[in-house]
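Written out below as structure tokens is the structure these notes cover.
FYI, it's all coordinate maths here, none of it is from the lab. Given the structure is predicted, the values throughout are model-derived calculations rather than measurements. Note: ideal-geometry Cβ built from the backbone for every residue, glycine included; neighbour counts use all protein chains shown.
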Amino acid sequence: MKRKKNYFAGPAVMPLEVLQQLEDELIDFEGHGLSILEASHRDEPFEGMYFECLDLVRSILQIPDNYEVFFLGGGATLQFSMIPLNFLAPNSTADYPNTGTWSNKAAKDAAKIGSVNTYYDGKATHFSALPVPSEVKPSPGSSYLYLCSNETTGGIQWQEFPQTGDVPLIADISSDLLSRPLPISQFSLLIGGVQKNVGPAGATLIILKKELLERQNKGLPSYLDYSIHAKENGLYNTPPSFSIWAVKLALQWIKKNGGVEGMAQRANHKASLLYDVIDQSGGFYRNHIEKPYRSNMNVVFRLPSEELENKFLQEAQKADMLGLKGHRSVGGMRASIYNALPTEDVEALALLMRDFQEKNG
Ligand code: PMP
């Protein structure tokens, strides 16, 4: 089978090696004589693999011992309501930025639960920049300050993060999870869907500082209560077991390929291949994000007209390139170049872009 080049924003490309392992062991999971699809989450074959997976996350991301690590279902979207339900105290405020689609969605859900202060609004600058971390200050009495580390739709990424003192810092890291080292101890809670940089849809990684639970609102229904999941290491109810197994294999692949430092180096190199084409195109390709904030996960660009954009997409399709159409809310092009996308596939896209400009510029 000829594999297509997959630039989709998520679910997204996975390492071929991991897919092959999944295939090889689908029927006989790690030699246990049953498939992962059939395995009880209360029995040793699954539990052994699960705790190994959590240990791998801890070691690859260097997560300190005072953090809980587990997986939940419900996508990152469920976290948009769980975060304020658990941690937005009555008569208090939570600080959210509007840096694009995903922080905005989270803020909208939080505003249904309590009071939200917008500490930065990118609308005025067409979402071309992010707040300067050293200038970000939580509002007085704030329950927490939130951010989205990489806006998947807008293609904009935080490089450094605010110091928020006693106010917990909470981040959605769905689209750059395990693609770079992170200063974990600066955060009280990190959440991220795995279906972009790590594995198939289903599991959401939760990294939660134990102290944060002291500030939790009480009386929540069980599934929405982080402390219940923390107490059971994410095994309070049936976890998305297949997704977690694939994540475990992908973590081994990440470790073998240089860990998060290795992933970050590759990501920077791949991103620069595309940004170089854009910057050297004399304005034929445009990326409106200020350079320090450009994402090395989702590279967005526009062509001189929608007509040319459609023609470009047709050419890409002929070259077996998938998923280059920008998010439906913003249009244009977007190349998602996550951990598992081979450098050659980014080189091929850069070549197509140069060729296309030569013929149509
Ligand atoms: N946050 C970010 C940054 C995302 O990119 C996405 C999905 N594209 C989500 C949250 C929502 O994730 P899910 O679809 O898993 O709920």
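Summary table below
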read-out	value
Enumeration of residues in the stretch 1-20 that are in contact with a Leu (Cβ under 9 Å, 6 or more places away or on another chain) and under 20 Å from residue 155 (Cα atoms)	5, 6, 7, 8, 12, 13
Meets criteria (in a helix (DSSP H, G or I), more than 16 Å from the ligand (Cβ to nearest atom), basic (Lys, Arg) and out of contact with any His (no Cβ under 6 Å at 6 or more places or on another chain)) for residue 123	yes
Matching residues, the stretch 182-229, being within 23 Å of residue 338 (Cα to Cα) and among the aliphatic types (A, V, I, L, M)	182, 184, 189, 190, 191, 194, 198, 201, 203, 205, 206, 207
The one condition in (1) more than 9 Å from the ligand (Cβ to nearest atom); (2) without any contact (Cβ under 8 Å) to a residue 60 or more places away in the chain that residue 149 fails to fulfil	(1)
Per-region count, the stretch 134-188, residues part of a loop (DSSP other than H, G, I, E, B) and aromatic (Phe, Trp, Tyr)	3
Residue check, residue 204 in contact (Cβ under 8 Å) with a residue 24 or more places away in the chain, closer than 22 Å to residue 153 by Cβ and polar (S, T, N, Q)	yes
Candidate set: the stretch 92-111, residues that are more than 16 Å from the ligand (Cβ to nearest atom) and touching a residue at least 12 places away in the same chain (Cβ under 8 Å); chosen: the one surrounded by the fewest Cβ atoms within 10 Å (Cβ to Cβ)	92
Subset of the stretch 189-227 [within 16 Å of the ligand (Cβ to nearest atom) and either within 22 Å of residue 162 (Cβ to Cβ) or outside any loop (DSSP other than H, G, I, E, B) (or both)]	189, 190, 191, 192, 193, 204, 205, 206, 207, 223, 224
Filter result for the condition that a residue is among the polar types (S, T, N, Q), surrounded by 23 or more Cβ atoms within 10 Å (Cβ to Cβ) and touching a Leu at 6+ places or on another chain (Cβ under 7 Å), over 179, 188, 175	188
Condition broken by residue 128, with the remaining ones in (1) farther than 25 Å from residue 181 by Cα; (2) touching an Asp or Glu at 6+ places or on another chain (Cβ under 7 Å); (3) assigned to a loop (DSSP other than H, G, I, E, B) satisfied	(1)
Residue count for the stretch 314-328, restricted to those that are within 15 Å of residue 301 (Cβ to Cβ) and polar (S, T, N, Q)	0
